[in-house]
Amino acid sequence: MVLKRLASRLLMSAISLFPLLPSAAFADNGVPKEYRIKIDEVDTSKAPDITIRTTFLDPYAHPINPEDNVFFEIIANDKPLKVRPKATAFFKTDKPLDLAFVIPITERFSEDELAQIKKDFSAILQKGRDEDRFAGFFDDGRIVNQEPLGPAKAVDAKLQEVTPKTDASFLYSGIEYALDTLSDPANFRKNARRAVIIVTDAYDSYIYRKEDVEKTIRTLFDYATQNDIKIYVVMYKPLISSLAPLFEGLSRKTKGTFRYADSIEDISVNIENTWGEIYAQTFLEFRDSRLHKGSHVTYKIAVTKGSVNVESLPYAELEIQDVRFNWKLFFIVSGIVVGVLILLLIVFLIWRAHQKKLQEMEEAQQEQIIQEKIEKGEVCPKCRRTILKEWNGECMFCKREAVEEVNKAKAEQRQKAIEEAEKKGVKLEGRVCSVCGRTLMPQWKECLFCKAGIGGEGGPKAGVAPTRGGAKKKEEPPKGRVCPVCGKEMKAHWTTCLYCEADAANRPAPAAPKIEEKKNDQPAVRICPDCGKPMKPHWDICLFCEANKSR
């Protein structure tokens, strides 16, 4: 069996005429000797919110959990951003995973090598989450045994079931089946990561010429990139060493990784690291507020873990196609503002209620004080103003306001009469009697001096001077009431002596003054009880003070 396998390999090498590269050439591509970090992808579709997928590897190429005391710094266009990115490992996100395995189970591998490969992949499948799906494509030398996307247990059972039949290989058919399965619309899941892990020695029984391999790999590359599928390759002792760089290009250009295994132990390590790179890949989320539409940016990542400082290579320059409005920040700020306003409103209402209560208490105290003064006769109960002692309990403010209101009512009535007369075309203001030449009041319907009609109708009445310059007889007013206190003469309508303020309300009314009849048959002279001036017999009111209309 061993001789047959060796002969087959020598024959394929002679046919291909490809020079063999010593395995030592890949020694430097094995386990790295230092920490390193690489940017796998930068998502700017939600700019200015940026997401970077990165892998931070230790000296043994094991992905490091971002929660393991790791500090990330984002560098944009060679300038550090003053932001602290949110770092989350893939297995802690809600993003699902669709992962396919392409594994050769042929006689070209020894029983120990196949047992180790099955053991390593079985351990990986046991670490999968319930929301993740797996598919297996296992080449036994005759056919490619397929297990569609489903739970990890089904794929693990299929892997343990397959046994090698021949040393032939259907490598590219297995890869194509894996890409078809992950690209099927029936299997599509939104936001799912899709990846393929390939373990191979770069041998296929039907495609081995370099130009044919290049064409096939180019086709697989186009198929994978169109469907956003990452390809991870673990290369173990390639039969045709010159084909290894082609697989390395396939993996790196699809944003996967390429690892070289020189021994069975290296296979286990690289399978574990590949799984860790997929499952423990770190998502860095941050906001770059400096971005705007059309701007160009190149990102790098600097990582600090203890005393270790590592900086990635710069990612390809990106052009920002659009910048979204930050509705999340808008609603957060709006919520804070509304909350502060509501809090201030509550504080204001409490303060106003307290002030209103204090004001009501002060008003109640003031009202109580005023009521006490009213009871003592110090404040007027009507207008609430102070009453002087010499007023004898009578409020002169209210009395004065009453007189002012009467005068105001008279003025309004007079103005109303003037307006109504003007509407009728009669001019009342400033009229003059055409007979005696005296000024007529607006409310007069005839001249009260000469009894002439308005407009000159009628003539002077008997006993009335026709002109303003006529002689007037001096008539002395009759004697009225006399104040019992001060002895001064009082008007007939006085209830209190205006000289000494003595009460005269209950005094008997004075006898009406006697009007002596004149010998020349002239009418008796009337005296105005308010102003004391003589009134004509035909006057209804005193023309000097316009009082005593009813007398």
Original post:
If each of E394 and R414 carries a label point 7 Å out from its Cα toward its Cβ, how far apart are those two points in nm?
Top reply: 2.6 nm
Original post:
Hey, got the dipole for region 366-411? About the Cα centre, +1 on K and R Cβ, -1 on D and E Cβ, debye to the nearest 20?
Top reply: 180 debye
**OP:** Bin width 10 Å, alpha-carbon pairs only: give the P(r) of region 244-344 as whole percents, running from 0 to the bin holding the largest distance.
**Re:** 10, 23, 27, 21, 12, 5, 2, 0
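By how many nm would the segment from T386 to R129 grow when fully extended, if each residue of separation counts as 0.36 nm and the alpha-carbon distance is taken off? Mind dumping the intermediate values first?
Working: separation 257, 0.36 × 257 = 92.52 nm, distance 9.25 nm.
The span from T386 to R129 would gain 83.3 nm if fully extended.
Counting only other residues whose beta carbon sits under 9 Å from that of K491, what net charge do I get with K and R as +1, D and E as -1?
-1
So which trypsin sites (Lys or Arg not before Pro) in region 300-382 end up in coil per DSSP with only 13 or fewer other C-beta atoms within 10 Å? Display every interim value, and only then the final one.
Numbers: sites: K300, K305, R324, K328, R352, K356, K357, K373, K376, K382; in loops: R324, K382.
Taking region 300-382 and a limit of 13 other Cβ atoms within 10 Å, the loop trypsin sites (Lys or Arg not before Pro) found are R324, K382.
If you take the beta carbon distance between S307 and E111 as r and set R0 to 56 Å, what does 1/(1 + (r/R0)^6) give as a FRET efficiency, to the nearest 0.05? Spell out each step's value before the answer.
Numbers: r = 45 Å, r/R0 = 0.81.
Plugging the Cβ-Cβ distance into 1/(1 + (r/R0)^6) gives 0.80.
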Subject >> Per-residue Cβ neighbour rank within 10 angstrom, fewest leading, R400, R189 >> reply: R400, R189
Subject >> Longest to shortest principal axis, alpha-carbon extents of region 366-411, angstrom >> reply: 39, 23, 10
Subject >> Nitroxide proxy distance, nm - points 7 Å out along Cα→Cβ at H292 and E214 >> reply: 4.6 nm
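With respect to the cross-link table entries K158/K230; K376/K410; K92/K118, which display a Cα-Cα separation exceeding 29 Å? Walk me through the intermediate numbers first.
Details: K158/K230 23 Å; K376/K410 37 Å; K92/K118 26 Å.
Over 29 Å Cα-Cα: K376/K410.
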**OP:** Would you work out the relative contact order for region 366-411, in percent, from Cα pairs under 8 angstrom that are 6 or more residues apart?
**Re:** 21 percent
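Over 23 Å between Cα atoms, which of K95/K127; K46/K328; K38/K215; K416/K533; K408/K533; K408/K488 qualify? Each step should come with its number before you reach the end.
Values: K95/K127 16 Å; K46/K328 12 Å; K38/K215 29 Å; K416/K533 30 Å; K408/K533 25 Å; K408/K488 33 Å.
K38/K215; K416/K533; K408/K533; K408/K488, as the Cα separations exceed 23 Å there.
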Subject >> Bins of 10 Å from zero: percent of alpha-carbon pairs in region 40-133 >> reply: 11, 31, 31, 17, 9, 2
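Since every read-out is calculated from the coordinates, none of them should be taken as a lab result. Remember, predicted model here, so these are calculated numbers, not experimental data. Note: ideal-geometry Cβ built from the backbone for every residue, glycine included; neighbour counts use all protein chains shown.
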